[in-house]
Structures are given as structure tokens and as C-alpha cells.
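Handing you this structure, nothing more for now.
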Amino acid sequence: MNNIEKSPDQRPLSPHLQIYRPTISMIMSVMHRLTGLGLYFGVSFLIFWFIALILGPESYQKFNVILSMQIVQIIFFVVTWAFFHHLFGGIRHFIWDLGLGFSLKSVDFLSYMTLVLSLLFTILIFLLT
Amino acid sequence: MSNKSIGTKHFIAQRLTAIVNLIVGIPAFIIFLKVYDEGYIAIKGLLSQEIVWIPMIIYILSLSYHMKIGVGHMLDDYFDGGLKSFLSLMNNIYVYLVALLSTIALIILGMF
């Protein structure tokens, strides 16, 4: 934490999260980062999927066996939820970028909507597919 | 990312890529969920259409850049010194690998 004194070019680190009293908007902000990080690694799945497709029907069949495993289905559910959480969190940021929704009530409302809509869309998608 | 003028560039780029991700990402995600248990031939047929694989490449590139900035700023916030430099390098390598491999794969799937 002394890096401000060391050199003005180095930026200070974020203070530890646990010194703040948690609020819904803060939790959703942390979730936006965590879901972003989850999706960051989740994207590598696409590459395996592409490679399986390029290698032909047989390797794709083997890949599908892995996909239908229960644990993979659970990971899929979590990644889908992360996708929608990050998506709605992003839309929330766009609303703020337009200069709207800054009252405490609106901030709380938008935060809860991020949570509710992301869960709703995830469950809907899993029921429909 | 200690360069002071880069913040505004990242701010704008993160939002522009977010818009692209929204516009292309939602249909891409729905298509993926629809076809993913429809079998090899259906998926291959879909990905060989220009209207699918070209937007997919744009999506992957936009996504990669969004990932690079996002994780780069997380590293800025929570790490410093040598560890930050190392993780930033890993971030760059990972993002470029994702972008490059996906683009090559989509071109192969689309054209051959």
C-alpha cells in the first residue's frame, strides 16, 4: 500500500472489501467483476467446441458425451447465469452512462433487477432447451 | 496500465465492445443453445453460412478486447509490482490465444 510514496506513476491498490458495510449495489458490482472473470475463463470452452467440430463427427460425438455429464450441465447453468448477470449488469452501467438512475432508490432497484432478470432468463432458457 | 491517457480510451472501448457483444452476443447465445444438441451435421451446416461465421468472428474479437480491458483493470486494482506484470502478460497471452484460435477455427468451419 506504500506505492504512492514510492512513485507517483504507480497507482494505489483497492482497499480491502471487508471494511465496507455491504449494500446490494456493492454486491452487484462485485458480482459484475466475478461473473466477468468466470466468463473470461468460460470462453475457452468455445475453442474446445470448435476444435471438436473441426476434427469431425466422431470426436464431436465424444465431446457431446462430456457435455451431457451432470457436472458439465451444472457448470453450463452457472455460466449461463453469469452471462445474463454480466449482460444485465452491463445494461445497468449503460443506463448510468446516460446520466439516469442515480437516485438511491433507482440504484437499489437496478441492482435488484440485475439479480432477478438474470435468474429469470437463466431458468427460462434451461426450461425451454 | 499506468499510462494516464489510456483510461478514457479503455472507458470508451469497453462500452463500444459491450454494445457489439450485446447486438451479436444474444443471437449467438440463443443459436448456440438451440443447436448444441442437434448433432454434428446441423451445427456444421449452420457455421458454414457466411451470415453466421462472419458475425461470430466479429463477436469473438469484440469479446476478446472486452476481456482484455476488464481483467486488465482488475489486475490494476488488486495487484502490483512483478506479480501484476506477470499476470498482465498472462492476460494478454490468454486473450490473444482465444481471439486467434477462435478466428482460425471459424474460418476453417466457415470456408472448408
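Derivation of every value follows stated rules applied to the coordinates shown; laboratory data play no part. As the structure is a prediction and not an experimental result, all values here were calculated from the model. Cβ coordinates were reconstructed from backbone atoms using ideal geometry, including for glycine residues, and neighbour counts include every protein chain displayed.
Per-residue Cβ counts within 10 Å, from other chains only, averaged over A:39-47: what number is that?
Numbers: counts 4, 12, 4, 0, 9, 5, 0, 10, 8.
Averaged over the peptide's residues, the number is 6.
How far is helix A:44-55 tilted off the main Cα axis of chain A, in degrees rounded to 10, range 0 to 90?
On a 0 to 90 degree scale, this one is about 20.
On full extension of the chain, what length is gained from B:D77 through B:L89, given 0.36 nm per residue of separation minus the C-alpha to C-alpha distance? Spell out each step's value before the answer.
On the way: separation 12, 0.36 × 12 = 4.32 nm, distance 1.59 nm.
Taking 0.36 nm per residue and subtracting the Cα distance, the gain is 2.7 nm.
Turning to a different aspect of this structure: Express in whole angstrom the spacing between the alpha-carbon centres of segment A:6-79 and segment A:95-129.
20
To the nearest 20 debye, what is the magnitude of the charge dipole of the protein assembly as shown about its Cα centre, counting +1 on the Cβ of each Lys and Arg and -1 on the Cβ of each Asp and Glu?
On the way: 14 positive and 11 negative charges, 64 e Å.
Here the size comes out at about 300 debye.
Here's a follow-up. Using +1 on the beta carbon of Lys and Arg, -1 on that of Asp and Glu, and nothing else charged, what's the dipole of chain A about the Cα centre, debye to 20? Can you show the working numbers first?
Working: 7 positive and 5 negative charges, 37 e Å.
Rounded to the nearest 20 debye, it is 180 debye.
Expected output is a single nm value to one decimal: the length gained when fully extending between B:Y96 and B:I23, i.e. 0.36 nm times separation in residues minus the C-alpha distance. What is it? It would help to have the intermediate numbers written out before the result.
On the way: separation 73, 0.36 × 73 = 26.28 nm, distance 2.24 nm.
Roughly 24.0 nm would be gained on extension.
Moving on. In which sequence would B:T17, B:T103 go, from the one with the fewest C-beta neighbours within 10 Å to the one with the most? Each step should come with its number before you reach the end.
Working: B:T17 21, B:T103 18.
By the 10 Å Cβ count, ascending, the order reads B:T103, B:T17.
Next question, about the same structure. For a quick check, take a GNM of chain B with Cα springs below 10 Å and name the residue from B:Y94, B:Y65, B:Y40 with the largest mean-square fluctuation.
Checking each option, the largest mean-square fluctuation is seen for B:Y40.
Moving on. Using helices alone, I'd like the mean residue ellipticity at 222 nm for chain A: each DSSP H run of four-plus residues gives -39500 (n - 2.57), total over residue count, nearest 500. Display every interim value, and only then the final one.
Values: 6 runs with 99 residues, N = 129.
When only DSSP H runs of four or more count, the value is -25500 deg cm²/dmol.
Also, quick follow-up: Could you tell me which helices of chain B pass both thresholds, a Cα extent of 24 Å or more along their own axis and a mean Kyte-Doolittle hydropathy of at least 1.0, with helices taken as whole DSSP H runs?
Numbers: long enough: B:6-35 (40 Å, 1.43); B:50-78 (42 Å, 0.79); B:81-111 (45 Å, 1.59).
Long hydrophobic helices here: B:6-35, B:81-111.
Largest first and in whole Å, what are the equivalent-ellipsoid semi-axes of the protein assembly as shown based on the Cα gyration tensor, each being the root of 5 times an eigenvalue?
Values: eigenvalues 228, 103, 56 Å².
One finds semi-axes of 34, 23, 17 Å for the protein assembly as shown.
On a 23 Å Cα-Cα criterion, which of the cross-link pairs A:K105/B:K9; A:K105/B:K68; A:K62/B:K44 come out too long? Write out the running numbers ahead of the final one.
On the way: A:K105/B:K9 31 Å; A:K105/B:K68 33 Å; A:K62/B:K44 16 Å.
As for pairs spanning more than 23 Å Cα to Cα, those are A:K105/B:K9; A:K105/B:K68.
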